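A.B. asks: Provided herewith is a single structure, encoded as structure tokens, for subsequent inquiry.
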Amino acid sequence: MRAHETLKILVGVGTLVSALVLGGCASYHNAPAEPVELKNTSFTVNHGVQFSPDDWPKKLYGDLYLPEGEQLHPVVLMVHGGGWEGRSRSDISWISEKLASHGFAVFNIDYRLAPDYIFPAQLHDLQIARTWLNHNAEQFRLDASRVNGFGFSSGAHLIALMALVASSNDAESLNQPYGGPDTALNAVVAGGTPADLTAFGSGKLLRQFLGGTKADIPDTYRAASPITYVTRNSPPFFLFHGNMDSLVPFRQAQTLHDTLLANGVESELFEMRLRGHITSFLTAGSAISKATGFLMRHNKKP
């Protein structure tokens, strides 16, 4: 056997062993008593659906995943990460496919990026995407009363922020003119979530997203933090996070989880051991399965 072939086999075995080890390294805080059975269904995808109004500062698009069947489908609004400055919806298409295969309509969207656009532009983009789902529910067999959110990293920050702002009575400035009760979410899945921006320094990503340093605009850092708006009216959350995350420390998820519980809001926390920020996304299969069960429990018809 040639040396390069031996190396290739060893790398493959090492990758498999790593996946098996990491797959078993998780703690599920506040886990449900009974798991949900996941059933598969076929789906189609409408790529490049424009959801932004014609007069919006930038045209924005999403991919709409539609499960088979004539019944109304619960919906997941999917938001990608990338430090608010990059990446695209293609990063998170694999999760969109998994959710669609279990009966969820999924709208996987892009949004305006920093530094060309600063906060709250990105929040406004999510709010108009949520409104688009309301306006087009009948055409695509969407259940507008069962719209949920899913995001990772900066996408988790944005979807959590929209959900918590919409359910709070103390967020009028961020609910106007595009948000409010019509942009509320039924449940939220958030991975690697920057929940309290005031706990970070003033690094490049935050400076260009918010438009300045924490010392210069402390109120903006607080206003842009999802944890600011947690109330007893907040929707239930499923949080997943790597406990070795050095970019967004695990305590961000733990603090949001504890704050939700302290306000009487259901929260589940899937702690992914030995995972950093990127690896918690790349090896998120078990977390996504648990999150899918969480969404199915919260989207059962009465």
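The values are calculated or read from the model by the stated rules, or taken from the named source; none is laboratory data. This structure is a prediction, so every number in the text was calculated from the model and none was measured. Every residue, glycine among them, receives a Cβ derived from its backbone with ideal geometry; neighbour counts consider all protein chains shown.
A.B. asks: Filter the stretch 57-94 for residues that are assigned to a strand (DSSP E or B), closer than 29 Å to Arg207 by Cα and aromatic (Phe, Trp, Tyr) and give the result.
C.D. replies: In the first step, residues of the stretch 57-94 are kept if they are assigned to a strand (DSSP E or B); the result is 61-67, 73-79.
Subset that is closer than 29 Å to Arg207 by Cα: 61-62, 77-79.
Result: Tyr61, single match.
A.B. asks: Can you pull out the residues in the stretch 61-113 that are within 15 Å of Ser153 (Cα to Cα), crowded, with 21+ Cβ neighbours inside 10 Å and small (Gly, Ala, Ser)?
C.D. replies: Gly81
A.B. asks: I need the helices (runs of 4 or more DSSP H) fully contained in the stretch 243-302, keeping only those with at least 3 residues that are polar (S, T, N, Q). Break it down into steps so the answer makes sense when it comes.
C.D. replies: Working: elements: 250-262, 277-282, 285-297.
It comes to 250-262, 285-297.
A.B. asks: Restricting attention to the stretch 244-258, report how many residues are in contact (Cβ under 8 Å) with a residue 40 or more places away in the chain and polar (S, T, N, Q).
C.D. replies: Total satisfying the criteria: 2.
A.B. asks: To continue, here is another question. Restricted to the stretch 116-162, and to residues that are part of a helix (DSSP H, G or I) and among the β-branched types (Val, Ile, Thr), which residue is surrounded by the most Cβ atoms within 10 Å (Cβ to Cβ)?
C.D. replies: Ile159
A.B. asks: From Leu295, Leu260, Leu256, Leu269, which residue is more than 22 Å from His80 (Cα to Cα) and at pLDDT 95 or above?
C.D. replies: Details: Leu295 fails: more than 22 Å from His80 (Cα to Cα); Leu256 fails: more than 22 Å from His80 (Cα to Cα); Leu269 fails: more than 22 Å from His80 (Cα to Cα).
Among Leu295, Leu260, Leu256, Leu269, only Leu260 is more than 22 Å from His80 (Cα to Cα) and at pLDDT 95 or above.
A.B. asks: So how many residues does the stretch 204-242 have that are closer than 21 Å to Asp116 by Cα, of a type outside the set (Ser, Thr, Tyr), under 22 Å from the mean Cα position of the chain (by Cα) and part of a loop (DSSP other than H, G, I, E, B)?
C.D. replies: Qualifying residue count for the region: 1.
A.B. asks: Still on this structure, I have one more. Can you name every residue in the stretch 180-203 that is in a loop (DSSP other than H, G, I, E, B) and either in contact with a strand residue (DSSP E or B) (Cβ under 7 Å, 6 or more places away or on another chain) or surrounded by 23 or more Cβ atoms within 10 Å (Cβ to Cβ) (or both)? Spell out the reasoning first.
C.D. replies: If we filter the stretch 180-203 for residues that are in a loop (DSSP other than H, G, I, E, B), which is where we start, we get 180, 184-187, 192-196, 200-203.
Once the filter is applied, which keeps residues that are in a loop (DSSP other than H, G, I, E, B) and either in contact with a strand residue (DSSP E or B) (Cβ under 7 Å, 6 or more places away or on another chain) or surrounded by 23 or more Cβ atoms within 10 Å (Cβ to Cβ) (or both), the stretch 180-203 yields Leu185, Asn186, Ala187, Gly192, Thr193, Pro194, Ala195.
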